[in-house]
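Take a look at the structure set out below.
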Amino acid sequence: MPRASRQPDETAGDFLKRKANAYVALTKPRVIELLLVSTLPTMIFAERGFPSVWLMISTLVGGAMAAGASGAFNCYIDRDMDKLMKRTKGRPLVTGDLTPKEALVFSWALAIASLVILWVGTNPLTTALGLAAILLYVVFYTLILKRRTAQNIVWGGIAGCMPVLIAWAAVTNTIEWPAVILFLVIFLWTPPHYWPLSMKYADDYNAASVPMLGAIANARRVSVQVVLYAWATVVCSMLLVPLGGAGIVYTAIAGGAGLWFVYESHVLYREAQNDHKPAEINRKAMKVFHISITYLSIVFLALAIDPFVGSPLFG
């Protein structure tokens, strides 16, 4: 009997709990958390204060549901490769906790609900950007790029940049230079965030025939790319000072966090160029992966605090 059905020794309560947990896992909640980290601070910065509670709730809930729908569609489409990778063997379509039909229906329902919430609670531009984010992740990244090119995470990462545009549009009903800069920060940050992870799980990606750069290229080449993209990310983040109205809080905190991110990327580069043992290189790669998450969180925390302390350094 498939696990998607109730097992003979399973109570009704246990069955419902297992199904609920499976649906939550299908949305990739850790990815949603990371996306929300960029959404609320961007709204605060755009408003130069706190937007209305209704607008914040609508944007956060609608955006989270759009991201969850994208993740669910991704799990449905990639279920064949997920069963080949140790990192994804616990996903609900691999374990059998959900059937493909259940996952697909859930994905569509969540996507439609997210757009309804954005339409009712924000404005048409924000809703259109929410739809674009779903299509970019599901179609552009998952269906077109992921299995075909080592640059998949670079261009496919555009979907992960959309929350800042959604947040800015929700507050201002337009897209302005600060939003574009924040979009580019996440765009440039995605490769040095994800490629170290793919170095660690190279065997997984190769087993599933996914041409992730960190899996198909040697550590020397990947580490060079990580350093270059890390520098580009930090430089781009500082453009928010002359072009986006950021003040001293953002400048100091984002600058300091950026130097840390770049330094650790160079440590990974040094380990790779000196041909250290793969285990040591992978350890450094995972350190960069985790630091990249902390770095982005710090930058957006600084973005949220900045409007309340001092004034823009330029203009």
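So how many residues does the stretch 235-261 have that are more than 15 Å from Glu176 (Cα to Cα) and either touching a Phe, Trp or Tyr at 6+ places or on another chain (Cβ under 6 Å) or part of a helix (DSSP H, G or I) (or both)? Working first, answer last.
Kept after step one, since they are more than 15 Å from Glu176 (Cα to Cα), are these residues of the stretch 235-261: 235-238, 247-261.
Still in the running and either touching a Phe, Trp or Tyr at 6+ places or on another chain (Cβ under 6 Å) or part of a helix (DSSP H, G or I) (or both): 235-238, 248-261.
Total satisfying the criteria: 18.
Which fully enclosed helices (runs of 4 or more DSSP H) of the stretch 73-167 have 3 or more residues being touching a residue at least 12 places away in the same chain (Cβ under 8 Å), open to solvent by less than 40 Å² (accessible area, probe 1.4 Å) and of a type in the set (A, V, I, L, M)?
Working: elements: 79-82, 92-95, 100-121, 124-135, 152-156.
Filter on the stretch 73-167 gives 100-121, 124-135.
If a residue must be aliphatic (A, V, I, L, M) and open to solvent by 40 Å² or more (accessible area, probe 1.4 Å), how many such residues does the stretch 35-49 contain?
3
Condition first: touching a Gly at 6+ places or on another chain (Cβ under 6 Å), farther than 21 Å from Phe314 by Cα, in a helix (DSSP H, G or I) and not acidic (Asp, Glu). Can you find one or more residues in the stretch 263-278 that meet it? Walk me through it before giving the result.
Residues of the stretch 263-278 that are touching a Gly at 6+ places or on another chain (Cβ under 6 Å), as a first pass: none.
Among the residues of the stretch 263-278, not one is touching a Gly at 6+ places or on another chain (Cβ under 6 Å), farther than 21 Å from Phe314 by Cα, in a helix (DSSP H, G or I) and not acidic (Asp, Glu), which makes the answer no.
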Condition check for Ser223: surrounded by fewer than 18 Cβ atoms within 10 Å (Cβ to Cβ) and not hydrophobic (A, V, I, L, M, F, W, C): no
From the list Ile298, Ile281, which one is aliphatic (A, V, I, L, M), closer than 16 Å to Leu197 by Cα and surrounded by 14 or more Cβ atoms within 10 Å (Cβ to Cβ)? Ile281
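The values are calculated or read from the model by the stated rules, or taken from the named source; none is laboratory data. Computed from a predicted structure; not experimentally measured. As a convention, Cβ positions derive from the backbone with ideal geometry for all residues, glycine included, and neighbour counts pool all protein chains shown. SASA here: full protein model, heavy atoms, side chains in, ligands and nucleic acids out. Shrake-Rupley method; radii C 1.70, N 1.55, O 1.52, S 1.80 Å.
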